[in-house]
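Participant: One structure, as structure tokens, below. Some questions next.
The values are calculated or read from the model by the stated rules, or taken from the named source; none is laboratory data. Keep in mind that what you see is a predicted model, and the values were worked out from it rather than measured. Glycine also receives a Cβ, built like all others from the backbone with ideal geometry; neighbour counts cover every protein chain displayed. Surface areas here come from the heavy atoms of the whole protein model, side chains and all, with no ligands, DNA or RNA. Shrake-Rupley method; radii C 1.70, N 1.55, O 1.52, S 1.80 Å.
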Amino acid sequence: MATRQTASLARLMRAPAIILLLIWMVVPLGMTLYYSFLNYNLLNPAVTSWAGWFNYQYFYTDPAFLDSLWNTLVLVVGVLLITVCGGIAIAILIDKPIFGQGLVRILVISPFFVMPPVAALIWKNMIMHPSYGVFADIAKFFGTSPVDWFAQYPLFSIIIIVAWQWLPFATLILLTSLQSLDGEQMEAAEMDGAPAYSRFIHLVLPHMARAITVVILIQTIFLLSIYAEILVTTNGGPGTASTNLTYLIYRAARLNFDIGGAAAGGVIAVVLANIVAIFLMRAVGKNLD
Amino acid sequence: MGRITLEGVTKRFGDVEVIPPLNLDIEDGEFVVFVGPSGCGKSTLLRLIAGLEDVSAGRILIDGTDATEASPAKRGLAMVFQSYALYPHMSVRKNIAFPLKMAGMDKAEQDRRIAAAANALNLTDYLDRRPGQLSGGQRQRVAIGRAIVREPSAFLFDEPLSNLDAALRVGMRLEISELHTRLRTTMIYVTHDQVEAMTLADKIVVLHAGRIEQVGSPLDLYMRPRNVFVAGFIGSPKMNLFTGEAAAEYGARTIGVRPEHIAISTEGGTWKGRVGVSEHLGSDSFFYVEDTGLAETVTVRADGEIGLHHGDEVWLTPSEDKVHKFDDGGDLIE
Amino acid sequence: MARAVTRNTRIGWTIVAWAVALVIFFPILYTIITSFKSEQEAIAGFDLIPSLTLESYQTVQTQNNYFRPFMNSVILAVGSTLLALIVAIPAAWAMAFSPTRHTKNILMWMLSTKMMPAVAVLVPIYLIFLRFGLMDTRIGLTVLLMLINLPIVVWMLYTYFREIPGEILEAARMDGASLRDEILYILTPMAVPGIASTMLLNVILAWNEAFWTIQLTTTSAAPLSAFIASFSSPQGLFWAKLSAASTMAIAPILILGWFSQKQLVRGLTFGAVK
Ligand SMILES: Nc1ncnc2c1ncn2[C@@H]1O[C@H](COP(=O)(O)OP(=O)(O)OP(=O)(O)O)[C@@H](O)[C@H]1O
Ligand SMILES: [Mg+2]
């Protein structure tokens, strides 16, 4: 393959993608970093000045920041728990010899294709609405008073919505992994008299370990940036009860016009995302060779 | 026409010199086989000739003209790959036609050549199938068909039979041999297989770590290995190689004796030992004799009817004029 | 024998699986059903049998000019995908068939750009869009979505191309094919399924993008994701109308998605799970 002719041609073909992504990465990130050291408010751009670490300090001492960090953590971990456990269970269920397997699969993965604002609105109005939602209808049927989900349990409600969207992703990937499990190995274990739960612990789980890791890491990347679901349902409230880091930064930038503060928040978000990214890259990188 | 000359051809991958400067002459119409242990650079050498890799130094001449910088397409060579490398999205007919289409040949001539090749290779019934619908042997034939239709000046084969089962391998070997007899086109053939090398080659090139150890006819290499490496590599089962006292008696560092050049007897001889494993093939029997004091197990080939068993005490005698003597550097002492 | 699955256990598992699947699918199903109800029926309480009126669909079109955000979504999704393919196909070819020492690092680096949280560059992108008059324009958003998804496109194509054995391309070269012939007659036909899968997944991702579309559009370039998000502001309780708009927004992509299950796994895990 590697003649000089093809090698120089290859360089030419690679260049556009690399240059574009380099610009896409360096320019905005550089700007974010720069703004994070400025006092810069779009409402009053004339008084822009050097701020040093002020924006970071301000962010760090703001109680809303710690709340948002905590909410981000709860959101990510909550959704991961539901989707990974649920995903394993449903994957195993679909993998059983059932009638209409293809159709079941299609139904289960469908929520993944619903765009976030639609998903959030469906749940907000059709399912969880305190007077017209299906949950309220169920509550009335049992004679209990309906719950106002987004007022009483805002973060939990958002976790439910997001988990519903990502459960298909986890299921699909875990199912793919499950289906690549060596049938002979399972049969051998069955012949050896290993009971079902022990086959699950010693054969199925280790086989799926890699897929589970990938699910956790990729979902984390996306879950750190949950935005539309919050915007459409609770607007981050009541108070900061359902504000995650992404939403906090969005508010600083777009509602308070605090460019410097939002940029500092952005830098923090990059640091957080990178911690996850490092692990993900290791997992994916191993697969390259 | 297909005379290929390598002059000081060298190949480096990064800092690793896979092929040190190498000279080789391949005459028109010759069947040349490259053999050598895995990783010795056989494929690399073939790909250098094909133009699929650039040489790091040196020149490649095809029919006297310098082809070192020519692209593979311009060299007029055809190659048959170990994996067949058929185009999976094309029918057998289209696969075979591809080189002709690339050469811009007119349709009637294309059809004529495809029909001839298909006929010669028993592919006529399969022309409209996709490669995925063929057996390994049939795929191999399509790959050969694709190579022969364009009437190249030389064929390059890289272990073409190694993906086939034993029986098919023998059949295809004969077909390739017939093909060479019929076409009289230069063929360069890489293999691991001793039998393929011995039966097909006009000339065998033994490679070791990118260096040519010896070039010669199969019998030449078998009977007159120029060094310890060739002696040990050519022949199956391997030549017995002894060092130490036994070799010193012959004034050599190492001596080699082929299994068929050692007489085995229960009465008396040079080396005394005990039969370990024995393999009875019917026509011949192989005995692996241990405890001879020669450090290595000695392989002996004997008549099929000889009745020796595990543990029997035997005497071994090498035929004096068939003992190969090698010096400290491993080279043959003439 | 343990292997033989009795009919009864099979029926048992089937019932459980279908129950779970229907629960998961229920919100979508209920939305579709509600979209065929009148507004009065929609808030009248739980009811799975609609009167099958198309009234809500008409209202969405006449009141909100639904067609415009729909076309914006199509243009954004398809446009950004095609742009990404134009840049990514040569790059993936080069990396798959003429790898260098750095290829692996380049790929990993590309992946890392995908991990940059969008909100981290919200400020600069917002300011750039304001400064250059790109706010609420399709062209600005198309290019942005292309950049966002470029790493996934390169990766997916790369994993597909890598499955094409290099020897086949070498065989073509030996057969006298020029580089153009090689790409035209051998590579492209063999890569078509991979390119198609990549397109499909990318269209889905771009269609459902909801951060940048909401940030950078108001009306004229707003795609469906931004359009639907605007329904969250209290403008009356229009359940049926909301359902109709939602159904139309998700239907095309839901159908595309059903066709792309396999590729989805591969694309979203960057080839780590196949
Ligand atoms: N593209 C490459 N980059 C770096 N090293 C390579 C490359 N191709 C081959 N090599 C090295 O060159 C040496 C010779 O390889 P080659 O494939 O020619 O061996 P071979 O004799 O054909 O072996 P085999 O019998 O196993 O096919 C090996 O050590 C191999 O690792
Ligand atoms: Mg080889």
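Participant: Once you put a point 7 Å from the Cα of B:SER319 and another 7 Å from the Cα of B:LEU281, both along the Cβ direction, what distance in nm separates them?
Facilitator: My value for the distance between the label points is 1.7 nm.
Participant: Using R₀ = 41 Å, calculate the FRET efficiency as 1/(1 + (r/R₀)^6) where r is the Cβ-Cβ separation of B:SER217 and A:ARG282; round to 0.05. Spell out each step's value before the answer.
Facilitator: Details: r = 56 Å, r/R0 = 1.36.
Working from the Cβ atoms, E equals 0.15.
Participant: Where the only charges are on Cβ atoms (+1 Lys, Arg; -1 Asp, Glu), what is the dipole of the protein assembly as shown about its Cα centre, to the nearest 20 debye?
Facilitator: Here the protein assembly as shown has a charge dipole of around 3420 debye.
Participant: With a cut-off of at most 16 other beta carbons within 10 Å, and DSSP calling the residue loop, which trypsin sites (Lys or Arg not before Pro) in the range C:155-199 qualify? Please list them. Could the numbers behind the result be given before it?
Facilitator: On the way: sites: C:ARG162, C:ARG173, C:ARG180; in loops: none.
Of the trypsin sites (Lys or Arg not before Pro), not one in the loops of the range C:155-199 has a Cβ with at most 16 other Cβ atoms within 10 Å.
Participant: Let me ask something else. To test your reading of the geometry: what angle, between 0 and 90 degrees and rounded to tens, separates the Cα axis of helix C:122-131 from the longest principal axis of chain C?
Facilitator: Around 90 degrees separate the two axes.
Participant: Sort the range A:56-285 into rounded, prolate or oblate with this rule: let a ≥ b ≥ c be the square roots of the eigenvalues of the Cα gyration tensor; rounded if a/c is under 1.5, and if a/c is not under 1.5, prolate when a/b is larger than b/c, oblate otherwise. Don't skip to the end; give the middle numbers.
Facilitator: Working: a/c = 2.67, a/b = 1.44, b/c = 1.85.
Judged from the Cα gyration tensor, the range A:56-285 comes out oblate (a/c at least 1.5, b/c at or above a/b).
Participant: Over the range B:4-230, what is the relative contact order in percent, taking alpha-carbon pairs closer than 8 angstrom and at least six residues apart?
Facilitator: Relative CO of the range B:4-230 lands at 28 percent.
Participant: For B:LYS272, give me every one of the lysines with a C-alpha distance below 30 angstrom, ignoring sequence neighbours fewer than eight places off in its own chain.
Facilitator: B:LYS238, B:LYS322, B:LYS325
Participant: While we're here: At most 14 other Cβ atoms within 10 Å and a DSSP loop assignment: could you name the trypsin sites (Lys or Arg not before Pro) in the range B:172-233 that fit?
Facilitator: The qualifying sites are B:ARG184.
Participant: Report, in deg cm²/dmol and to the nearest 500, the calculated mean residue ellipticity at 222 nm for chain A, where each DSSP H run with n ≥ 4 adds -39500 (n - 2.57) and the sum is divided by the residue count. Intermediate results must be reported in sequence, preceding the final value.
Facilitator: Working: 14 runs with 197 residues, N = 289.
So the helix-based figure for chain A works out to -22000 deg cm²/dmol.
Participant: List the chymotrypsin sites (Phe, Trp or Tyr not before Pro) in the range C:194-250 that DSSP assigns to loop (not H, G, I, E or B) and whose Cβ has at most 13 other Cβ atoms within 10 Å. Which are they?
Facilitator: none
Participant: So if R0 is 25 Å, what FRET efficiency would C:ASN105 and B:ALA209 give, r being the distance between their Cβ atoms, rounded to the nearest 0.05?
Facilitator: With R0 = 25 Å, the Cβ-Cβ based efficiency is 0.20.
Participant: Would you list, by chain and number, the lysines whose Cα falls below 18 Å from the Cα of B:LYS101, excluding same-chain residues fewer than 8 positions away?
Facilitator: Answer for B:LYS101, where 18 Å is the Cα cut-off: B:LYS74, listed by chain and number.
Participant: I've got another one for you. Enter the accessible area per residue of the protein assembly as shown (Å², integer; probe 1.4 Å; all protein chains in place). Provide the component values of the computation, followed by the final result.
Facilitator: Numbers: 38190 Å² over 897 residues.
In whole numbers, the protein assembly as shown has 43 Å² accessible per residue.
Participant: Helix B:166-183 versus the longest principal axis of chain B: what is the Cα-based angle in degrees, 0 to 90, to the nearest 10?
Facilitator: The angle comes out near 60 degrees.
Participant: Hey, can you list the DSSP H helices of chain A whose Cα span along the axis is 27 Å or longer and whose average Kyte-Doolittle score is at least 0.5?
Facilitator: Helices meeting the span and hydropathy rule in chain A are A:4-35, A:63-95, A:154-179, A:259-285.
Participant: Which angle from 0 to 90°, rounded to the nearest 10, does the C-alpha axis of helix B:92-102 make with the longest principal axis of chain B?
Facilitator: 70
Participant: Please list B:MET239, C:MET248 in order of solvent-accessible area, largest first, computed with a 1.4 Å probe with all protein chains present.
Facilitator: Ranked from most to least accessible, the order is C:MET248, B:MET239.
Participant: Here's something else I'd like to know. Treating the beta-carbon of each Lys and Arg as +1 and of each Asp and Glu as -1, no other charges, what is the dipole magnitude of chain C about its Cα centre, to the nearest 20 debye?
Facilitator: Magnitude of the dipole: close to 580 debye.
Participant: Which FRET efficiency value, to the nearest 0.05, is calculated for C:SER38 and C:ILE15 with the Förster distance at 35 angstrom and r the Cβ-Cβ distance?
Facilitator: Here the calculated transfer efficiency is 0.50.
Participant: Determine the calculated [θ] at 222 nm for chain C from helices alone, applying -39500 (n - 2.57) to every DSSP H run no shorter than 4 residues and normalising by the residue count; nearest 500 deg cm²/dmol. Present the calculation step by step, with values, prior to reporting the outcome.
Facilitator: Working: 13 runs with 191 residues, N = 274.
Result for chain C, helices only: -22500 deg cm²/dmol.
Participant: Still on this structure, I have one more. Taking A:LYS140 as the anchor, which lysines have their alpha carbon closer than 26 Å to its alpha carbon, excluding any fewer than eight residues away along the same chain?
Facilitator: A:LYS124, C:LYS37, C:LYS241
Participant: While we're looking at this one, here's another question. At 0.36 nm per residue, and after removing the present C-alpha to C-alpha distance, how many nm does the segment from C:LYS262 to C:LEU22 gain when stretched out fully?
Facilitator: That pair, C:LYS262 and C:LEU22, stretches by 84.2 nm at full extension.
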